[in-house]
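Here the structure comes first, spelled out in structure tokens, and everything after it is commentary.
The values are calculated or read from the model by the stated rules, or taken from the named source; none is laboratory data. The structure presented is a predicted model; accordingly, all values stated were derived computationally and were not measured. Every residue, glycine as well, gets a Cβ built from its backbone with ideal geometry; the counts of neighbours run over all protein chains shown. Accessible surface areas use protein heavy atoms only, side chains included; no ligands, DNA or RNA. Shrake-Rupley method; radii C 1.70, N 1.55, O 1.52, S 1.80 Å.
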Amino acid sequence: MDAEPIDKGAKTSPSRPVDARQRVATMSGLETAPVEKTEPGVVPSFGKWFRQQLLRILLLLPNFILLIVLLAVWQFASKVWIPSIDPYMAVLMPAPTTIAVTAAGMIVSGELFYHLMASLKREAVAFLFAACAIPLGIAMGWWRLAYNQVNPVMEILRPIPPLAWIPLSILWFGIGDEQNEFIIFLGIFFPILINTIVGVKNIDPLLIRAARSLGAPERKLLVRIVFIGALPQIITGVRIGLGVGWMALVAAELVGANSGLGFIINDARSMLRTDTIIVGMLAIGIVGLSIDTAILALGRRLLPWSLAMRK
Amino acid sequence: MGRLAVNGVSKIYGESDASSSVVALRDVTFEVPDNHFCSILGHSGCGKTTLLNIAAGFERATTGAVMVDGVSIDLPGWRNTMIFQDYALFPWMNVFQNIVFGLEMKEVARKEREDITRHYIGLVGLEAFETKFPHQLSGGMRQRVAIARALAVQPQLLLMDEPFAALDAQNRSFMQDELVRIWQREPKTVLLVTHSIDEAIKLSDCIAVMTSRPGSVKEFVRVDLPRPRDEDDAPYIALKRKLRELIRDDFVSR
Ligand SMILES: Nc1ncnc2c1ncn2[C@@H]1O[C@H](COP(=O)(O)OP(=O)(O)O)[C@@H](O)[C@H]1O
Ligand SMILES: [Mg+2]
């Protein structure tokens, strides 16, 4: 039996099925254009697919006019205008082409990948620890006593920016991974905690009554109704948390690390490698965006019902 | 299995000696024999929901008790399960998962609970929608899922609080017929709240007519008409007139 909505329309590619609701929410209508039905496993003709992708990109092009103009101005300023004033100043603002060449070099040598993985590993470790905010948040959202006792502690700790913990954490952990991970942990923990509490408190009380009326004992109620019901909000908390954590990560690495994207840009500063600094900055931005997009997509895929309810 | 006895139930909201306290129910007493369909009829605010919530175990009576087969109800559970006006289906579970939920809570063996679930999906006519999610269903279909989900746990007492209020007139009439059909196939003791005289007559074996301030049962009326019931039959019309007057008195005395 087919669990999917009937009006799926056509898929742009059989390897990447697009949920109908998701498509409505994310695309400007281009993907809804009906394409011929493809048999499962039969790849549509490459020529047709290529033409479609090309058309898509061409139609999106007007959105990038300002970006392209800015890049052109930047290129001109860096290569022609600034050097004409003071050649030594030119090093402060490398041209886009210079940055691209540096980036390519760092990718090929594996340097960028090495530091990226170091950063991602710290973020991941910190996230694993920070995930304990989920059970804690459920307990606080569910039992008034837990909320009343824990909330004052959290309210005192929460407004302290993770970066304010850097001096103390260096004394506690020394300089290294643990210290970095601790700072990131602080960034991730509170957004998850707060969103979990809100998620639990916002569950429709009728659903809880219904579950009890069907004989659900407390433990199963917490797992099957309260946790799942709060999950959309928990995922929002994870998104925000990982974002805050990613910012904290870079700051932590600036101060106390010898690997990672934050380390790269600080290290490059001492050698006046502005091109490397900018490559590092761009990598930080792109990876942050990718993490956020991935979690959003994962949430949409795993919890289509929550998207449908929001509409 | 499911003789319902409401024994002198009173419910006072707030401190009983405070001036702000509300007497929602006073000394409500009636009995419903096993596998009978009983409606509670009354204007809004006369305590119908309060009585049903006590029977569901969501609230405690200030005095008195609701008993099923001589055992008093203290907590919510599958024995006295409730169908809600807004269905209260779990949005992250499909039709099958919603209906099987109560059986999982009862820890019925896997094979058996799947058989029971399929049986009730068939009984409410949703075979083709097993894997649909609530947001993909119409109001009437959601109501069917809610009914199947409640029946699947095989309760001794089935409670419904204005279950068809959210449906349009046509769907409501259709679902009333469906409920009668399902109930005749699988008799249960039912306590249904309504403010519609026609709904009460159409569905019930007996009707507890309630008055407000404080909420109490004014008259307990038996309905001995053959089903399906015809709105144009003389006894139907006579009963309707009688109920209307009972309720109107209440309205006037306010
Ligand atoms: N939780 C509560 N606290 C105080 N008063 C309540 C509460 N619930 C209901 N009441 C009062 O009890 C009376 C009966 O309410 P209810 O049972 O909802 O009536 P019905 O379902 O017949 O419309 C009303 O006057 C209402 O204001
Ligand atoms: Mg009511």
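Summary of values
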| quantity | calculated |
| --- | --- |
| Approximate spin-label separation A:Arg219-B:Glu130, in nm, with each point projected 7 Å along Cα-to-Cβ | 3.1 nm |
| In the stretch B:1-96, the trypsin sites (Lys or Arg not before Pro) that fall in loop regions by DSSP, at most 14 other Cβ within 10 Å | B:Arg60 |
| GluC sites (Glu not before Pro) within the stretch B:163-254, DSSP loop, no more than 13 other Cβ atoms inside 10 Å | B:Glu231 |
| Among beta bridges that DSSP assigns inside the protein assembly as shown, antiparallel share in %, nearest 5 | 50 percent |
| Solvent-accessible area, 1.4 Å probe, carbon plus sulfur percent, for the protein assembly as shown | 62 percent |
| Accessible area buried at the B-A interface, both sides summed, 1.4 Å probe (Å², nearest 100) | 2500 Å² |
| Average accessible area per residue (Å²) across the stretch A:103-310 - probe 1.4 Å, nucleic acids and ligands excluded | 48 Å² |
| The stretch A:159-286 - Debye-derived log10 I(q)/I(0), Cα point model, q = 0.10 Å⁻¹ | -0.48 |
| Between the stretch A:110-187 and the stretch B:27-70, the Cα center-to-center distance that results, in Å | 52 Å |
| Top positive-direction residue, dipole computed over the stretch B:94-226 with Cβ charges, set B:Tyr120, B:Phe164, B:Val95 | B:Val95 |
| Formal net charge of residues neighbouring A:Ala230 (Cβ-Cβ distance under 13 Å; K, R +1; D, E -1) | +1 |
| In the stretch A:110-160, the trypsin sites (Lys or Arg not before Pro) that fall in loop regions by DSSP, at most 11 other Cβ within 10 Å | none |
| At least 50 Å² accessible surface lost relative to isolated chain, residues of the stretch B:57-103 (1.4 Å probe) | B:Phe58, B:Phe84, B:Phe90, B:Pro91, B:Trp92, B:Phe101 |
| Residue-normalised accessible area of the stretch B:62-202, expressed per residue, 1.4 Å probe, Å² | 38 Å² |
| Unit charges on C-beta of K, R, D, E only; dipole of the protein assembly as shown, Debye | 480 debye |
| Neighbourhood charge, 15 Å Cβ-Cβ cut-off, centred on A:Glu178 and excluding it, Lys, Arg +1 and Asp, Glu -1 | -2 |
| GNM top mover of B:Thr29, B:Thr81, B:Thr194 - chain B, alpha-carbon springs below 10 Å | B:Thr29 |
| Heavy-atom accessible area order for A:Ser45, A:Ser270, B:Ser216, largest first, 1.4 Å probe | A:Ser270, A:Ser45, B:Ser216 |
| Nearest-20 debye value, the stretch A:198-311 charge dipole, Cβ charges on Lys, Arg, Asp, Glu | 760 debye |
| Cβ charges +1 (Lys, Arg) and -1 (Asp, Glu), total dipole of the stretch A:181-257, debye | 500 debye |
